[in-house]
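The values are calculated or read from the model by the stated rules, or taken from the named source; none is laboratory data. Since we're looking at a predicted model, the values are computed, not measured. Ideal geometry is used to build each Cβ from the backbone, glycine not excepted, and the neighbour counts take in all protein chains shown.
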Amino acid sequence: MTSMYTRSDSKVEVNGFEARHYDFFMNLITGGTYPFFIRWVVKDMQIQPADNILDFGCGTGRNISLMKKYLSEDGRVTGLDIGAEMLKQAQHRFANHPRVTIEKRRIEEALPYQDEFNKVFISFVLHGLIQEDRLKVIANANRALKPGGEFLILDYNEFNLKRSPLPVRLAFSLECPLATDFIYRDLQAMLTEQGFDGFRVHTYYLGYVRLQVASKVA
């Protein structure tokens with residue numbers, strides 16, 4: 001399936017007032033359910049105490065705060081983002097946590113990691129990229145993971161928007177147009193083509209959101 005979108009259509013980069021108050025807005029747009037939802041997601045990640053985790057698009061570091069609770073002294077998390085406001089918040093949040101590192105890197109560009117991580121996590125970022133960049137992100141995740149490591153993608157599920165309830169259609173009218181392109185893509189096929197298998201899926205919000213887990217072929 002070809003795409004008619006360009007990078008100018010993306011709204012994945014959050015800046016300014018929205019970035020400075022991003023966690024508040026996430027709570028607001030989810031009707032106050034986000035704190036409970038993301039705890040459920042992190043539990044479903046099945047984090048092991050010694051895991052080395054890479055977070056693509058870590059934002060303010062809110063999700064990392066939950067992940068690190070599952071880690072022992074042998075585990076660590078590296079978060080990547082590009083927004084100045086987001087990076088500032090994340091770096092401040094983990095200033096005294098030696099096992100958490102926050103770096104400024106674009107996840108669709110070449111990354112310096114290879115066979116290093118047990119898990120790569122990405123939350124509501126992939127849908128906001130053009131298809132070409134989505135494939136680059138998947139390739140970066142594959143390269144960064146150890147054989148058998150897991151790529152965990154938290155994002156919209158595949159569904160027919162035209163047949164969805166009115167609240168869902170209204171929500172997508174405010175979303176990045178690339179989100180509509182994303183929900184009609186076969187994510188598992190994309191992952192299979194780039195060297196992943198061993199899929200498992202967890203769904204949330206009546207099935208409109210999923211955690212797609214895929215293992216790097218050993």
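The set of residues from the range 52-82 being in a loop (DSSP other than H, G, I, E, B) and over 28 Å from TYR205 (Cα atoms) comprises SER72, GLU73, ASP74, GLY75, ILE82. Just so you know, in the range 134-179 the residues that are modelled with pLDDT of 95 or more and of a type in the set (Ser, Thr, Tyr) include one that is surrounded by the fewest Cβ atoms within 10 Å (Cβ to Cβ), and it is SER164.
Conditions tested, residue by residue: (1) in contact with a helix residue (DSSP H, G or I) (Cβ under 7 Å, 6 or more places away or on another chain); (2) among the acidic types (Asp, Glu); (3) farther than 21 Å from ASP9 by Cα.
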residue	(1), (2), (3)
SER164	no, no, yes
ALA179	yes, no, no
LEU187	no, no, no
GLU193	no, yes, yes
VAL201	no, no, yes
TYR205	no, no, yes
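If a residue counts only when it is touching a residue at least 24 places away in the same chain (Cβ under 8 Å), which helices (runs of 4 or more DSSP H) contained entirely in the range 117-185 have at least 2 such residues?
Result: 131-144, 177-182.
So, of the residues in the range 2-17 that are in a helix (DSSP H, G or I) and closer than 23 Å to ARG134 by Cβ, which turns out to be modelled with the highest pLDDT? Across the range 2-17, the extreme among qualifying residues is ARG7.
Every test in (1) in contact with a strand residue (DSSP E or B) (Cβ under 6 Å, 6 or more places away or on another chain); (2) within 17 Å of VAL120 (Cα to Cα); (3) not small (Gly, Ala, Ser) is passed by LEU87 save one, and that test is (2).
Assess whether ARG62 counts as being within 19 Å of ARG106 (Cβ to Cβ) and of a type in the set (Lys, Arg).
Judged against the criteria, ARG62 is not a match.
Contact map, the range 199-218: first residue part of a helix (DSSP H, G or I), second residue hydroxyl-bearing (Ser, Thr, Tyr) and at pLDDT below 95, Cβ cut-off under 9 Å, separation 6 or more or different chains; pairs are TYR205/THR30; TYR205/THR33. Taking the range 95-122 as the range and being in contact with a strand residue (DSSP E or B) (Cβ under 7 Å, 6 or more places away or on another chain) and surrounded by 20 or more Cβ atoms within 10 Å (Cβ to Cβ) as the test, the residues that pass are VAL100, ILE102, ILE107, PHE117, LYS119, VAL120, PHE121, ILE122. For the range 1-57, a tally of residues being charged (D, E, K, R), surrounded by 14 or more Cβ atoms within 10 Å (Cβ to Cβ) and closer than 19 Å to GLN212 by Cα returns 3.
Annotation: of all residues in the range 58-86 being more than 24 Å from GLN48 (Cβ to Cβ) and more than 16 Å from the chain's Cα centre (by Cα), the one that is surrounded by the fewest Cβ atoms within 10 Å (Cβ to Cβ) is ALA84. Whether any residue in the range 160-167 is within 17 Å of the chain's Cα centre (by Cα) and among the hydrophobic types (A, V, I, L, M, F, W, C) is what I want to check. Within the range 160-167, not a single residue is within 17 Å of the chain's Cα centre (by Cα) and among the hydrophobic types (A, V, I, L, M, F, W, C).
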